[in-house]
Amino acid sequence: MTLRTVWIKVLASVSVSMLAWGAVPADAQFGMLGDLAKRAGVSMPSLRKEPITTSLPDARWGDPSQDGFVPREPKRNLAELQRTPNGGFVLQPGYYSFHDQSYCLHAGTHGPGNGDGYLYAPPLGAAKDAVITIVRNSVQHPEIDQHTIQALLWAILSRAKLEDMSNEHRAAAAQLLTPRQLAGLNRGVLDMLSSGPIADNLPAEVRAVLRAEADLRQMLTTPGTSYSELERVAVLAGMAPVGAGSRDVPTGRWSHHPDGYWVRYLPSSYTNTVVEIWVPADGPGAGKEFDPATHIAVPGNTARQRLIQSGRAYRAS
């Protein structure tokens, strides 16, 4: 199937979806960020659901009792283990490390910093399936540059229309997503939260994220926008403040994954993270799949970025 055929099918599906959408009452057409409007004291319809909602309260598996723990087993490269069709790894007892390509899932915030710890949480939100699919399928497409994948993820987070992006990004999206997922990501977006009376009444950190998303929407569909320009908007420079609702999470804190293994995240920047995994010999984790695309490293400081992991090894350029 050619790229042109894929996008014709996508656009046809979008047209049908939008006709059905128009028959829905106005109050039901938007489902996102309604809680933000309530916090602002503004009466308005409930808004569209946020693409990725994973946040610190969802990171429930951190274990302070393991702080400072180092497994006795020699550390091995996770890449030595059997791979799965999802781009994951079949775990065996032992202590493993993997330096992966990671991706920012919280535009308009600061990148990782010294002393900040990260905890495991699963992807949640209206676009979680598309985000997981992109990251999983990227393992089978090493020819697609990491910057291209990150730009697609920022497009999803900012609710940009993929059909309006460059040929390179549309080609990558067609390789990494299903036609149904593409159709779902090409519906109209709302800019009303990024400026005006609603935005004026929101907390400063929320306004910063909404402004970044609005800027990314415009830039991602503007021909000639460079990746460095996108990065300047999505990844804030300077000293990160302590965000609202932050927790004191030290570097290297282990999370006890529900599948029975232990995992921790040591990011060097938003683009790459060392993931360490410990599978006890007498625990239930042996034989389970470690699927990096289902792992979001959530910082204890909410002013920093959430980082989704991938099964692609990081190689410095």
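The values are calculated or read from the model by the stated rules, or taken from the named source; none is laboratory data. Please read all numbers here as calculations on a predicted model, not as lab measurements. Note that we place each Cβ from the backbone using ideal geometry, even for glycine, and neighbour counts take in every protein chain shown. Heavy atoms of the whole protein, side chains included, go into the accessibility calculation; ligands, DNA and RNA do not. Shrake-Rupley method; radii C 1.70, N 1.55, O 1.52, S 1.80 Å.
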Can you send over the carbon and sulfur percentage of the accessible area for the stretch 71-154, probe radius 1.4 Å, protein chains only? 46 percent
Here FRET efficiency (C-beta to C-beta, residue 289 to residue 247, R₀ 45 Å, nearest 0.05) is 0.95
Give the accessible surface of the stretch 225-317 per residue, rounded to a whole number of Å², with probe radius 1.4 Å and ligands, DNA and RNA excluded. 40 Å²
Run the paramagnetic zone check for residue 76: 7 angstrom along Cα to Cβ, then residues of the stretch 240-280 with backbone nitrogen under 19 Å. 260-264, 275-280
For residue 178 and residue 53 in the same chain, what is the full-extension length gain: residue separation times 0.36 nm, less their Cα-Cα distance, in nm? 42.8 nm
FRET efficiency for residue 140 and residue 92, using Cβ-Cβ distance with R0 set to 22 Å, rounded to 0.05: 0.40
Which value in nm describes the separation of the simple spin-label points at residue 268 and residue 218, placed 7 Å from the Cα toward the beta carbon? 3.5 nm
For residue 124, placing the label point 7 angstrom along Cα-to-beta-carbon and taking the stretch 57-85, residues whose amide nitrogen sits under 13 Å are 57-61
So what's the gap between the Cα centers of the stretch 80-94 and the stretch 122-163, to the nearest angstrom? 22 Å
Could you please state how large a percent of the accessible area of the stretch 203-312 is carbon and sulfur, counting protein chains only and using a 1.4 Å probe? 55 percent
